[in-house]
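Scroll down for the structure; my scribbles are underneath it.
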Amino acid sequence: MKMLILAVSCLLAITGSLAADTCYNDVALDCGITSNSLALPRCNAVYGEYGSHGNVATELQAYAKLHLERSYDYLLSAAYFNNYQTNRAGFSKLFKKLSDEAWSKTIDIIKHVTKRGDKMNFDQHSTMKTERKNYTAENHELEALAKALDTQKELAERAFYIHREATRNSQHLHDPEIAQYLEEEFIEDHAEKIRTLAGHTSDLKKFITANNGHDLSLALYVFDEYLQKTV
Amino acid sequence: MNSILLVFAGILAVCLPASATQCNVNPVQIPKDWITMHRSCRNSMRQQIQMEVGASLQYLAMGAHFSKDVVNRPGFAQLFFDAASEEREHAMKLIEYLLMRGELTNDVSSLLQVRPPTRSSWKGGVEALEHALSMESDVTKSIRNVIKACEDDSEFNDYHLVDYLTGDFLEEQYKGQRDLAGKASTLKKLMDRHEALGEFIFDKKLLGIDV
(Lines give C-alpha, C1' and ligand atoms only; values in the text may rest on other atoms or scores of the structure.)
Protein backbone atom coordinates (compact mmCIF):
# COMPACT_ATOMS: atom_id res chain seq x y z
CA MET A 1 0.00 0.00 0.00
CA LYS A 2 2.75 2.41 0.99
CA MET A 3 4.70 1.60 -2.11
CA LEU A 4 1.59 2.41 -4.10
CA ILE A 5 1.22 5.84 -2.44
CA LEU A 6 4.90 6.50 -3.03
CA ALA A 7 4.58 5.54 -6.68
CA VAL A 8 1.51 7.71 -7.12
CA SER A 9 3.14 10.70 -5.41
CA CYS A 10 6.29 10.28 -7.50
CA LEU A 11 4.15 10.18 -10.60
CA LEU A 12 2.39 13.36 -9.49
CA ALA A 13 5.73 15.05 -8.92
CA ILE A 14 6.96 14.05 -12.35
CA THR A 15 3.84 15.35 -14.09
CA GLY A 16 4.55 18.66 -12.36
CA SER A 17 1.05 19.23 -11.05
CA LEU A 18 0.81 21.50 -8.01
CA ALA A 19 -0.61 18.79 -5.81
CA ALA A 20 -2.11 20.11 -2.61
CA ASP A 21 -1.93 16.73 -0.91
CA THR A 22 1.80 16.24 -0.66
CA CYS A 23 2.22 16.99 3.05
CA TYR A 24 -0.69 14.69 3.77
CA ASN A 25 0.99 11.99 1.68
CA ASP A 26 4.23 12.45 3.62
CA VAL A 27 2.32 11.97 6.85
CA ALA A 28 0.56 8.92 5.49
CA LEU A 29 3.90 7.46 4.40
CA ASP A 30 6.02 8.25 7.42
CA CYS A 31 3.64 7.62 10.31
CA GLY A 32 3.65 3.97 11.18
CA ILE A 33 7.03 3.23 9.67
CA THR A 34 9.34 1.83 12.34
CA SER A 35 11.54 4.82 12.95
CA ASN A 36 11.84 7.42 15.66
CA SER A 37 11.93 10.40 13.35
CA LEU A 38 9.49 12.09 11.00
CA ALA A 39 10.98 13.75 7.95
CA LEU A 40 7.82 15.13 6.28
CA PRO A 41 9.87 17.10 3.78
CA ARG A 42 6.84 18.54 2.04
CA CYS A 43 5.18 19.87 5.18
CA ASN A 44 6.44 23.42 4.76
CA ALA A 45 5.28 26.91 3.86
CA VAL A 46 6.41 26.76 0.23
CA TYR A 47 3.63 27.05 -2.34
CA GLY A 48 3.21 28.29 -5.86
CA GLU A 49 6.69 27.91 -7.26
CA TYR A 50 8.38 30.25 -4.80
CA GLY A 51 12.10 29.58 -4.76
CA SER A 52 12.02 26.87 -7.43
CA HIS A 53 11.47 28.97 -10.55
CA GLY A 54 12.52 32.46 -11.46
CA ASN A 55 14.38 34.83 -9.20
CA VAL A 56 11.64 36.35 -7.05
CA ALA A 57 12.82 34.50 -3.92
CA THR A 58 16.46 35.51 -4.29
CA GLU A 59 15.50 39.05 -5.29
CA LEU A 60 13.48 39.40 -2.11
CA GLN A 61 16.54 38.34 -0.06
CA ALA A 62 18.65 40.86 -1.96
CA TYR A 63 15.97 43.51 -1.33
CA ALA A 64 16.30 42.96 2.43
CA LYS A 65 20.06 43.28 2.11
CA LEU A 66 19.69 46.50 0.10
CA HIS A 67 17.50 48.04 2.81
CA LEU A 68 20.00 46.97 5.45
CA GLU A 69 22.90 48.63 3.63
CA ARG A 70 20.98 51.81 2.84
CA SER A 71 19.78 52.01 6.43
CA TYR A 72 23.38 52.22 7.68
CA ASP A 73 24.34 54.60 4.82
CA TYR A 74 21.57 56.97 5.89
CA LEU A 75 22.70 56.65 9.50
CA LEU A 76 26.14 57.97 8.51
CA SER A 77 24.58 60.96 6.77
CA ALA A 78 22.44 61.63 9.84
CA ALA A 79 25.63 61.60 11.90
CA TYR A 80 27.51 63.89 9.53
CA PHE A 81 24.80 66.58 9.59
CA ASN A 82 24.83 66.50 13.37
CA ASN A 83 28.49 67.41 13.84
CA TYR A 84 29.31 70.86 15.21
CA GLN A 85 30.52 72.21 11.86
CA THR A 86 27.59 71.22 9.66
CA ASN A 87 25.12 71.56 12.56
CA ARG A 88 22.00 70.95 10.49
CA ALA A 89 19.60 69.28 12.91
CA GLY A 90 16.82 69.22 10.29
CA PHE A 91 18.87 67.43 7.66
CA SER A 92 20.11 65.04 10.34
CA LYS A 93 16.53 64.31 11.36
CA LEU A 94 15.55 63.64 7.74
CA PHE A 95 18.34 61.09 7.31
CA LYS A 96 17.70 59.50 10.71
CA LYS A 97 14.08 58.94 9.70
CA LEU A 98 15.09 57.41 6.35
CA SER A 99 17.52 55.16 8.23
CA ASP A 100 14.90 54.04 10.77
CA GLU A 101 12.43 53.27 8.02
CA ALA A 102 14.94 51.28 5.96
CA TRP A 103 15.91 49.33 9.12
CA SER A 104 12.35 48.34 10.00
CA LYS A 105 11.71 47.41 6.35
CA THR A 106 14.79 45.16 6.51
CA ILE A 107 13.24 43.18 9.36
CA ASP A 108 9.87 43.17 7.63
CA ILE A 109 11.29 41.73 4.39
CA ILE A 110 13.28 39.09 6.29
CA LYS A 111 10.03 38.04 7.99
CA HIS A 112 8.32 37.90 4.61
CA VAL A 113 11.10 35.76 3.15
CA THR A 114 10.49 33.24 5.93
CA LYS A 115 6.73 33.62 5.64
CA ARG A 116 7.08 32.06 2.18
CA GLY A 117 9.04 29.11 3.51
CA ASP A 118 12.47 30.40 2.51
CA LYS A 119 15.52 31.28 4.58
CA MET A 120 17.32 34.61 4.61
CA ASN A 121 20.62 34.84 2.76
CA PHE A 122 22.59 37.95 3.69
CA ASP A 123 25.03 37.36 0.80
CA GLN A 124 22.40 37.48 -1.91
CA HIS A 125 22.97 40.01 -4.69
CA SER A 126 20.33 41.24 -7.09
CA THR A 127 20.49 40.46 -10.79
CA MET A 128 19.50 44.08 -11.39
CA LYS A 129 22.73 45.97 -11.98
CA THR A 130 22.46 49.08 -9.88
CA GLU A 131 24.72 48.26 -6.98
CA ARG A 132 27.04 51.06 -5.99
CA LYS A 133 30.05 50.90 -3.76
CA ASN A 134 31.38 52.98 -0.91
CA TYR A 135 28.88 55.47 0.40
CA THR A 136 30.09 58.99 1.09
CA ALA A 137 28.43 60.78 3.97
CA GLU A 138 30.48 63.97 3.76
CA ASN A 139 28.16 65.85 1.40
CA HIS A 140 26.78 69.36 1.50
CA GLU A 141 23.04 69.88 1.81
CA LEU A 142 22.01 69.71 -1.86
CA GLU A 143 24.37 66.82 -2.60
CA ALA A 144 22.94 64.89 0.34
CA LEU A 145 19.36 65.48 -0.80
CA ALA A 146 20.33 64.41 -4.31
CA LYS A 147 21.88 61.21 -2.94
CA ALA A 148 18.76 60.53 -0.87
CA LEU A 149 16.52 61.08 -3.90
CA ASP A 150 18.65 58.71 -6.00
CA THR A 151 18.64 56.12 -3.24
CA GLN A 152 14.86 56.24 -2.84
CA LYS A 153 14.52 55.81 -6.60
CA GLU A 154 16.89 52.85 -6.42
CA LEU A 155 14.66 51.22 -3.78
CA ALA A 156 11.53 52.04 -5.78
CA GLU A 157 12.88 50.73 -9.08
CA ARG A 158 14.11 47.55 -7.43
CA ALA A 159 10.55 47.04 -6.15
CA PHE A 160 9.27 47.53 -9.72
CA TYR A 161 11.80 44.96 -10.92
CA ILE A 162 10.76 42.31 -8.38
CA HIS A 163 7.11 43.11 -9.05
CA ARG A 164 7.69 42.58 -12.78
CA GLU A 165 9.38 39.24 -12.10
CA ALA A 166 6.47 38.23 -9.86
CA THR A 167 3.77 39.20 -12.34
CA ARG A 168 5.17 37.67 -15.52
CA ASN A 169 2.44 35.84 -17.32
CA SER A 170 3.76 32.37 -16.75
CA GLN A 171 2.52 29.50 -14.68
CA HIS A 172 5.96 29.12 -13.10
CA LEU A 173 6.68 32.75 -12.27
CA HIS A 174 3.39 34.40 -11.41
CA ASP A 175 3.33 35.17 -7.67
CA PRO A 176 0.50 37.54 -6.76
CA GLU A 177 1.28 37.31 -3.05
CA ILE A 178 4.71 38.92 -3.54
CA ALA A 179 3.24 41.44 -5.97
CA GLN A 180 0.61 42.54 -3.48
CA TYR A 181 3.15 42.62 -0.62
CA LEU A 182 5.30 45.03 -2.63
CA GLU A 183 2.30 47.16 -3.59
CA GLU A 184 0.94 47.29 -0.06
CA GLU A 185 4.15 47.88 1.88
CA PHE A 186 6.48 49.66 -0.55
CA ILE A 187 5.25 51.04 -3.82
CA GLU A 188 2.82 53.74 -2.70
CA ASP A 189 5.18 54.91 0.03
CA HIS A 190 8.06 55.17 -2.47
CA ALA A 191 6.11 57.60 -4.68
CA GLU A 192 5.36 59.72 -1.62
CA LYS A 193 8.98 59.88 -0.47
CA ILE A 194 10.43 60.52 -3.92
CA ARG A 195 7.98 63.37 -4.48
CA THR A 196 8.86 64.94 -1.11
CA LEU A 197 12.62 64.72 -1.72
CA ALA A 198 12.24 66.05 -5.28
CA GLY A 199 10.24 68.94 -3.83
CA HIS A 200 13.06 69.67 -1.39
CA THR A 201 15.64 69.79 -4.18
CA SER A 202 13.36 72.14 -6.18
CA ASP A 203 13.15 74.50 -3.22
CA LEU A 204 16.91 74.46 -2.61
CA LYS A 205 17.54 74.96 -6.33
CA LYS A 206 15.51 78.18 -6.27
CA PHE A 207 17.21 79.47 -3.11
CA ILE A 208 20.69 78.81 -4.50
CA THR A 209 20.25 80.87 -7.65
CA ALA A 210 17.94 83.54 -6.23
CA ASN A 211 19.28 87.04 -5.60
CA ASN A 212 22.61 86.23 -7.32
CA GLY A 213 23.37 83.58 -4.73
CA HIS A 214 23.19 86.00 -1.81
CA ASP A 215 20.29 84.14 -0.23
CA LEU A 216 22.19 80.88 0.03
CA SER A 217 23.44 80.81 3.61
CA LEU A 218 20.25 82.21 5.13
CA ALA A 219 18.14 79.94 2.90
CA LEU A 220 19.98 76.81 4.08
CA TYR A 221 19.49 77.88 7.70
CA VAL A 222 15.77 78.51 7.21
CA PHE A 223 15.30 75.32 5.23
CA ASP A 224 16.98 73.31 7.98
CA GLU A 225 14.66 74.88 10.56
CA TYR A 226 11.76 73.94 8.29
CA LEU A 227 12.97 70.32 8.15
CA GLN A 228 13.32 70.22 11.94
CA LYS A 229 9.64 71.08 12.26
CA THR A 230 8.20 68.98 9.45
CA VAL A 231 10.18 65.72 9.16
CA MET B 1 29.55 68.64 -33.36
CA ASN B 2 29.71 67.26 -29.87
CA SER B 3 33.40 67.95 -29.58
CA ILE B 4 32.87 71.55 -30.74
CA LEU B 5 30.26 71.97 -28.03
CA LEU B 6 32.62 70.46 -25.52
CA VAL B 7 35.41 72.84 -26.51
CA PHE B 8 32.98 75.74 -26.36
CA ALA B 9 31.83 74.69 -22.89
CA GLY B 10 35.46 74.36 -21.86
CA ILE B 11 36.26 77.88 -23.07
CA LEU B 12 33.20 79.19 -21.23
CA ALA B 13 34.29 77.47 -18.07
CA VAL B 14 37.75 79.02 -18.29
CA CYS B 15 36.58 82.49 -19.29
CA LEU B 16 33.72 82.83 -16.86
CA PRO B 17 34.91 81.43 -13.53
CA ALA B 18 32.95 84.07 -11.64
CA SER B 19 29.61 82.69 -12.82
CA ALA B 20 30.10 79.26 -11.22
CA THR B 21 27.10 78.41 -9.07
CA GLN B 22 27.97 77.90 -5.46
CA CYS B 23 25.66 75.39 -3.83
CA ASN B 24 27.09 75.28 -0.34
CA VAL B 25 28.16 77.68 2.37
CA ASN B 26 31.92 77.99 2.83
CA PRO B 27 33.26 76.29 5.94
CA VAL B 28 33.94 78.57 8.89
CA GLN B 29 36.67 78.39 11.50
CA ILE B 30 35.65 77.82 15.11
CA PRO B 31 38.10 77.57 18.04
CA LYS B 32 39.08 73.94 18.57
CA ASP B 33 40.48 73.87 22.08
CA TRP B 34 37.23 72.33 23.38
CA ILE B 35 37.81 69.23 21.22
CA THR B 36 39.81 67.11 23.61
CA MET B 37 39.39 63.44 22.78
CA HIS B 38 42.64 61.65 22.15
CA ARG B 39 43.48 59.40 19.24
CA SER B 40 43.60 55.98 20.89
CA CYS B 41 40.37 56.68 22.77
CA ARG B 42 38.68 57.93 19.60
CA ASN B 43 39.84 54.93 17.57
CA SER B 44 38.65 52.43 20.15
CA MET B 45 35.25 54.18 20.20
CA ARG B 46 35.08 53.89 16.40
CA GLN B 47 35.89 50.18 16.60
CA GLN B 48 33.23 49.75 19.25
CA ILE B 49 30.64 51.29 16.91
CA GLN B 50 31.58 48.75 14.23
CA MET B 51 31.29 45.97 16.80
CA GLU B 52 27.76 47.04 17.78
CA VAL B 53 26.82 47.13 14.07
CA GLY B 54 28.25 43.63 13.62
CA ALA B 55 26.23 42.39 16.61
CA SER B 56 23.07 43.94 15.16
CA LEU B 57 23.59 41.97 11.93
CA GLN B 58 24.28 38.71 13.77
CA TYR B 59 21.05 39.18 15.77
CA LEU B 60 19.17 39.81 12.51
CA ALA B 61 20.40 36.42 11.27
CA MET B 62 19.18 34.81 14.51
CA GLY B 63 15.77 36.46 14.08
CA ALA B 64 15.66 35.17 10.50
CA HIS B 65 16.56 31.64 11.60
CA PHE B 66 13.83 31.41 14.23
CA SER B 67 11.28 32.86 11.77
CA LYS B 68 11.71 29.93 9.38
CA ASP B 69 8.67 27.69 8.84
CA VAL B 70 10.64 24.57 9.80
CA VAL B 71 11.89 26.20 13.03
CA ASN B 72 8.76 28.18 13.90
CA ARG B 73 9.80 29.93 17.10
CA PRO B 74 8.25 33.41 16.81
CA GLY B 75 9.08 34.23 20.44
CA PHE B 76 12.79 33.70 19.87
CA ALA B 77 12.57 35.54 16.54
CA GLN B 78 11.03 38.55 18.26
CA LEU B 79 13.62 38.45 21.05
CA PHE B 80 16.49 38.49 18.54
CA PHE B 81 14.98 41.06 16.15
CA ASP B 82 14.51 43.35 19.16
CA ALA B 83 18.11 42.67 20.20
CA ALA B 84 19.25 43.63 16.67
CA SER B 85 17.46 46.97 16.94
CA GLU B 86 18.99 47.50 20.38
CA GLU B 87 22.51 46.94 19.06
CA ARG B 88 21.82 49.45 16.29
CA GLU B 89 20.67 51.92 18.94
CA HIS B 90 23.89 51.36 20.89
CA ALA B 91 25.86 52.24 17.75
CA MET B 92 23.77 55.41 17.40
CA LYS B 93 24.33 56.35 21.05
CA LEU B 94 28.09 56.03 20.65
CA ILE B 95 27.91 58.14 17.47
CA GLU B 96 25.88 60.78 19.35
CA TYR B 97 28.54 60.85 22.02
CA LEU B 98 31.35 61.39 19.51
CA LEU B 99 29.32 64.21 17.94
CA MET B 100 28.87 65.87 21.32
CA ARG B 101 32.63 65.84 21.79
CA GLY B 102 33.26 67.59 18.47
CA GLU B 103 34.18 64.46 16.53
CA LEU B 104 32.97 63.08 13.18
CA THR B 105 33.51 66.25 11.18
CA ASN B 106 35.28 64.57 8.26
CA ASP B 107 35.82 60.85 8.90
CA VAL B 108 32.23 59.65 8.98
CA SER B 109 32.05 57.43 5.87
CA SER B 110 34.69 55.00 7.13
CA LEU B 111 32.94 54.55 10.47
CA LEU B 112 31.12 51.33 9.70
CA GLN B 113 30.73 48.53 7.20
CA VAL B 114 27.84 46.18 6.64
CA ARG B 115 29.25 42.66 6.37
CA PRO B 116 27.06 39.55 6.18
CA PRO B 117 26.78 37.84 9.58
CA THR B 118 29.10 34.87 10.05
CA ARG B 119 26.54 32.39 11.32
CA SER B 120 23.08 31.58 10.00
CA SER B 121 21.74 28.54 11.82
CA TRP B 122 21.44 27.19 15.36
CA LYS B 123 20.44 23.79 16.67
CA GLY B 124 17.82 25.26 18.94
CA GLY B 125 16.82 27.96 21.38
CA VAL B 126 19.44 26.99 23.96
CA GLU B 127 22.28 27.15 21.48
CA ALA B 128 21.14 30.55 20.21
CA LEU B 129 20.74 31.97 23.73
CA GLU B 130 24.21 30.72 24.62
CA HIS B 131 25.62 32.21 21.44
CA ALA B 132 23.90 35.52 22.24
CA LEU B 133 25.34 35.40 25.75
CA SER B 134 28.88 34.85 24.50
CA MET B 135 28.41 37.64 21.95
CA GLU B 136 27.34 39.99 24.74
CA SER B 137 30.36 38.92 26.80
CA ASP B 138 32.59 39.88 23.87
CA VAL B 139 30.88 43.27 23.60
CA THR B 140 31.31 43.85 27.34
CA LYS B 141 34.99 42.94 27.13
CA SER B 142 35.41 45.30 24.22
CA ILE B 143 33.70 48.18 26.10
CA ARG B 144 36.11 47.56 28.98
CA ASN B 145 38.97 47.92 26.48
CA VAL B 146 37.54 51.23 25.25
CA ILE B 147 37.39 52.38 28.88
CA LYS B 148 41.02 51.39 29.34
CA ALA B 149 42.11 53.22 26.20
CA CYS B 150 40.27 56.37 27.29
CA GLU B 151 41.48 56.24 30.88
CA ASP B 152 45.10 55.17 30.53
CA ASP B 153 46.16 58.00 28.22
CA SER B 154 48.97 59.66 30.19
CA GLU B 155 48.13 63.11 28.80
CA PHE B 156 44.38 63.00 28.99
CA ASN B 157 42.20 60.85 31.21
CA ASP B 158 38.78 61.05 29.55
CA TYR B 159 36.78 60.92 32.81
CA HIS B 160 33.45 61.79 31.25
CA LEU B 161 33.49 59.16 28.51
CA VAL B 162 34.70 56.55 31.01
CA ASP B 163 31.83 57.47 33.31
CA TYR B 164 29.34 57.32 30.44
CA LEU B 165 30.54 53.91 29.29
CA THR B 166 30.66 52.57 32.83
CA GLY B 167 27.32 53.97 33.93
CA ASP B 168 25.22 53.55 30.80
CA PHE B 169 26.82 50.86 28.69
CA LEU B 170 28.30 48.44 31.22
CA GLU B 171 25.12 48.69 33.27
CA GLU B 172 23.05 47.67 30.28
CA GLN B 173 25.51 44.91 29.33
CA TYR B 174 25.46 43.32 32.78
CA LYS B 175 21.65 43.46 32.97
CA GLY B 176 21.35 42.03 29.46
CA GLN B 177 23.80 39.23 30.21
CA ARG B 178 21.96 38.29 33.40
CA ASP B 179 18.69 38.20 31.47
CA LEU B 180 20.12 35.94 28.72
CA ALA B 181 21.82 33.67 31.26
CA GLY B 182 18.56 33.34 33.21
CA LYS B 183 16.62 32.54 30.05
CA ALA B 184 19.21 29.96 28.98
CA SER B 185 19.12 28.12 32.30
CA THR B 186 15.33 28.13 32.57
CA LEU B 187 15.08 26.77 29.04
CA LYS B 188 17.78 24.16 29.65
CA LYS B 189 15.99 22.92 32.77
CA LEU B 190 12.65 22.86 30.92
CA MET B 191 14.18 20.82 28.15
CA ASP B 192 15.85 18.30 30.44
CA ARG B 193 13.21 15.65 29.92
CA HIS B 194 10.71 17.41 27.67
CA GLU B 195 12.81 18.80 24.89
CA ALA B 196 10.27 19.68 22.20
CA LEU B 197 7.47 20.71 24.52
CA GLY B 198 9.84 22.71 26.75
CA GLU B 199 11.09 24.85 23.87
CA PHE B 200 7.55 25.31 22.52
CA ILE B 201 6.24 26.56 25.88
CA PHE B 202 9.27 28.79 26.44
CA ASP B 203 8.84 30.32 22.98
CA LYS B 204 5.20 31.21 23.69
CA LYS B 205 6.25 32.65 27.05
CA LEU B 206 8.65 34.95 25.16
CA LEU B 207 5.68 36.10 23.08
CA GLY B 208 3.76 36.87 26.26
CA ILE B 209 1.31 34.01 25.76
CA ASP B 210 0.52 31.80 28.73
CA VAL B 211 0.11 28.27 27.43
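For this structure, a couple of remarks:
- Answer from B:Met45, B:Met92 - the residue that is more than 9 Å from chain A (Cβ to nearest Cβ) and either surrounded by 23 or more Cβ atoms within 10 Å (Cβ to Cβ) or out of contact with any Gly (no Cβ under 6 Å at 6 or more places or on another chain) (or both): B:Met45
- Evaluation of A:Tyr80 against the conditions (1) open to solvent by 10 Å² or more (accessible area, probe 1.4 Å); (2) within 21 Å of B:Asp69 (Cβ to Cβ); (3) modelled with pLDDT of 95 or more; (4) among the aromatic types (Phe, Trp, Tyr) shows that the sole unmet condition is (2).
- With respect to the conditions (1) open to solvent by 20 Å² or more (accessible area, probe 1.4 Å); (2) modelled with pLDDT under 95, A:Asp108 falls short on a single one, namely (2).
- Verdict on B:Gln50 being open to solvent by less than 20 Å² (accessible area, probe 1.4 Å), more than 9 Å from chain A (Cβ to nearest Cβ) and not aliphatic (A, V, I, L, M): no
- Lone qualifier among A:Gln152, A:Gln124 - being among the polar types (S, T, N, Q), within 11 Å of another protein chain (Cβ to nearest Cβ) and within 23 Å of A:Val56 (Cα to Cα): A:Gln124
- Single residue of B:Thr118, B:Thr166 found to be surrounded by 12 or more Cβ atoms within 10 Å (Cβ to Cβ) and β-branched (Val, Ile, Thr): B:Thr166
- Screening A:Gln152 against (1) surrounded by fewer than 23 Cβ atoms within 10 Å (Cβ to Cβ); (2) polar (S, T, N, Q); (3) part of a helix (DSSP H, G or I); (4) touching a residue at least 40 places away in the same chain (Cβ under 8 Å) leaves a single unmet condition, (1).
- The lone exception for B:Ile147 - which of (1) at pLDDT 95 or above; (2) surrounded by fewer than 16 Cβ atoms within 10 Å (Cβ to Cβ) it fails: (2)
The values are calculated or read from the model by the stated rules, or taken from the named source; none is laboratory data. Because the structure is a prediction, the values reported are computed rather than measured. Reconstructed Cβ throughout: ideal geometry from the backbone, glycine too, with neighbour counts over all protein chains shown. Heavy atoms of the whole protein, side chains included, go into the accessibility calculation; ligands, DNA and RNA do not. Shrake-Rupley method; radii C 1.70, N 1.55, O 1.52, S 1.80 Å.
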